[in-house]
């Protein structure tokens, strides 16, 4: 049966103010029972052949009470009851069944409301997890049950989103219940000029030391002249958690001149996997142009380049780079002295495979 609460009142008895015909669903009581629906009534309680239990199922008007007939299933056809027939509000078996159904509903759903009348009264409820209906978790809006230590261990609910926020901390961000590792994302690495070498063909000058003032920072640079395109190369092994997508770069350099000329740097890359040939072409180069804006031996840092596609990109590989000063595209008449480059790449994990 449906778990429902039905009302009772002691020693109520009245009569039908009008006939209740067979199949009729509206009962007119002479007197107000003092309660509203839902309530069980016994019509003609002292006559075994026409006795009928009905449920006042809805409404508050006892003179036009909507009823469910023959809830005992005693009659094949609802009897007709004449005006003046006795009607009694008495305890019937349906009241007990309703109580049982409500207790079972509490046990299955844990939907307990109200306050126990005595501290010694307990309701032993059991939630059978395997009996719960399946559902897709909505992490942004769903809640879970918790034992609240700050409220005398009362059972309460908390949103999954708030729980995720409580878990978040240094390096971990929660957004609408989803935890994200902040370390995952764009990373960078520094490649100094000292880790590079002039190419065998069309190479720049060898690594050179420039001393500014004794006891102050020394500069080791690769010098690229303005008369022709010159190149240097280096290689790195990206971490295995590199996402093998496009990268970007930023050039750090200086000059011996004081003027406002520009220099054009180009970078290209290709990955070589285990047992793969190194006799392979670089991918399409990406360029970045920077201007001298101050004086000789000042540090110049270019803008971050556009996206550079690494040819045959692979994380578990050795990736070769070629950096070139495109002398035909810039305006500086002096050597461009490369200090190093910063490479930006994106990771999708934080551990080596």
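The values are calculated or read from the model by the stated rules, or taken from the named source; none is laboratory data. All values derive from a computational prediction rather than experimental measurement. Cβ: placed from backbone, ideal geometry, glycine included. Neighbour counts: every protein chain shown.
The set of residues from segment 13-28 being out of contact with any helix residue (DSSP H, G or I) (no Cβ under 9 Å at 6 or more places or on another chain) and over 8 Å from residue 83 (Cβ atoms) comprises 13, 20, 21, 22, 23, 24, 25. Selection over segment 1-56 of residues that are within 14 Å of residue 90 (Cα to Cα) and assigned to a loop (DSSP other than H, G, I, E, B) gives a count of 13. So for segment 209-216 (the condition being touching a residue at least 60 places away in the same chain (Cβ under 8 Å) and either under 30 Å from residue 253 (Cα atoms) or not assigned by TED's automatic domain parsing to the domain that holds residue 325 (or both)), does at least one residue qualify? Yes, some residue in segment 209-216 is touching a residue at least 60 places away in the same chain (Cβ under 8 Å) and either under 30 Å from residue 253 (Cα atoms) or not assigned by TED's automatic domain parsing to the domain that holds residue 325 (or both).
Comparison of 140, 174, 161 shows that the only residue that is farther than 30 Å from residue 262 by Cα, touching a strand residue (DSSP E or B) at 6+ places or on another chain (Cβ under 9 Å) and part of a strand (DSSP E or B) is 174. Just one of 336, 296 is under 25 Å from residue 220 (Cα atoms), crowded, with 18+ Cβ neighbours inside 10 Å, more than 38 Å from the chain's Cα centre (by Cα) and assigned by TED's automatic domain parsing to the domain that holds residue 249; which is it? The conditions single out 336.
Residue check: residue 90 meets all listed conditions (1) surrounded by 14 or more Cβ atoms within 10 Å (Cβ to Cβ); (2) modelled with pLDDT under 75 but one, namely (2). Summed over segment 43-66, residues that are farther than 15 Å from residue 17 by Cα and surrounded by 14 or more Cβ atoms within 10 Å (Cβ to Cβ) total 10. Meeting the requirement of 3 or more residues that are surrounded by 14 or more Cβ atoms within 10 Å (Cβ to Cβ), the strands (runs of 3 or more DSSP E) wholly within segment 178-282 are 185-192, 218-224, 230-236, 248-254, 262-273. Of all residues in segment 19-38, those being more than 58 Å from the chain's Cα centre (by Cα) and buried (at least 16 other Cβ atoms within 10 Å of the Cβ) number 2. I'm trying to understand the selection: among the residues of segment 306-323, which are farther than 15 Å from residue 242 by Cα, surrounded by fewer than 22 Cβ atoms within 10 Å (Cβ to Cβ) and more than 34 Å from the chain's Cα centre (by Cα)? The answer is 320, 322.
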